[in-house]
1. Whole Å is fine, so just give me how far the alpha carbon centre of the stretch 105-123 lies from that of the stretch 196-221.
2. Compute log10 of I(q)/I(0) for the stretch 130-261 with the Debye formula, placing one identical point scatterer on every Cα and leaving out solvent, at q = 0.11, 0.15, 0.17 Å⁻¹, to two decimals.
3. Over the stretch 24-257, what is the mean sequence separation of C-alpha contacts under 8 Å (at least six apart), divided by residue count, expressed as relative contact order in percent?
4. Using a Gaussian network for the chain with springs between C-alpha atoms less than 10 Å apart, which of these wobbles most: 106, 71, 120?
5. Using only the alpha-carbon atoms of the stretch 206-261 as identical scatterers, what base-10 log of I(q)/I(0) does the Debye formula give at q = 0.12 Å⁻¹?
6. Please figure out what share of the DSSP beta bridges in the stretch 26-117 is antiparallel and state it in percent, rounded to the nearest 5.
7. Given points 7 Å out from each Cα along the Cα-Cβ axis, report the residue 45 to residue 163 separation in nanometres with one decimal.
8. Any chance you could run the full-extension gain for residue 202 through residue 144? It's 0.36 nm times the residue separation minus the Cα-Cα distance, nm to one decimal.
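What follows draws every value from the coordinates through simple rules; no lab data is involved. Just so we're clear, the structure is a prediction, and the values are computed from it rather than from any experiment. Cβ placement follows ideal geometry from the backbone for every residue including glycine, while neighbour counts extend to all protein chains displayed.
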Amino acid sequence: MKKYKILLWLLPVLLVLVSAKERPVHIFMAGDSTMALKPLSKMVLDSITGDSIAEPFPERGWGQLLPEFFDNNVEVVDYAQNGRSSRTFIEQGWWQKILDEMQAGDYVVIQFGHNDSAADRPDRYTPPEEYVKNFSMFVDQVKERGGNPVICTSVVRRRFDKNGNFLDSHGEYVELARKVARDKGVPMIDMYEKSKSLMIGLGESKSTALFLHVKSGTNRNFPGGRIDNTHFVEEGARTMAGLFVEGLKENNISSLTKNLK
């Protein structure tokens, strides 16, 4: 009888251990619209019938395409949000959601800069010193919970001058992200340099295929067309996710790269 009591006592422990073993490593994404989940379709009004119909929505964030690269041992949890800077991501509670859900051994990918650097947008602007403070806090809090922070510099905007030369659009924020990674001794994937090299390699004309360029009359979400050199279509998002995976390999993050498809 005593033997059975011991077995009954051990059963919950064994179930917990099995459950923990089965949980895939999680990659939490903390960032802005270039990384965020986008709806696959949006409801629009049909101008002929007057009915609401689902129209495919062409925009994608690169975090949205990242799961394609991993097997079932990795789960991507994309908390990136449109229009957020490092400051507003914290203020609106998104960062706390990640802290509440992550477990020891998980990864948190941090990429902000597009909105932090928007000095003309006080609703999202983050001064450089506060940006550094926020990134340092992100790293410290993930480490405190046994997690693995990975800092990414911002992906580029598609901008060229009249001679076809690439133009920067993030100022000092790219280097500030690099500096936090160096000072904190955490992996850094230079998405800025990788995407910059890609833009220059493709050139002004071919690089349009990666971004949200919609011709007038081809999509009812944008009846008059759309030229957006910040956000990606599916091909662009998948390409950026591939650059991130390339960075994982360069940083020898084997606990993730061993689970690549």
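1. One Cα centre to the other: 23 Å.
2. The Debye formula, applied to the Cα set alone, gives -0.50, -0.84, -0.99.
3. Numbers: 454 pairs, mean separation 50.7, N = 234.
So the answer I get is 22 percent.
4. Looking only at 106, 71, 120, the largest GNM fluctuation is found for 120.
5. -0.42
6. 35
7. Label-label distance for residue 45 and residue 163, simple model: 5.0 nm.
8. Working: separation 58, 0.36 × 58 = 20.88 nm, distance 4.16 nm.
Difference between extended and current length: 16.7 nm.
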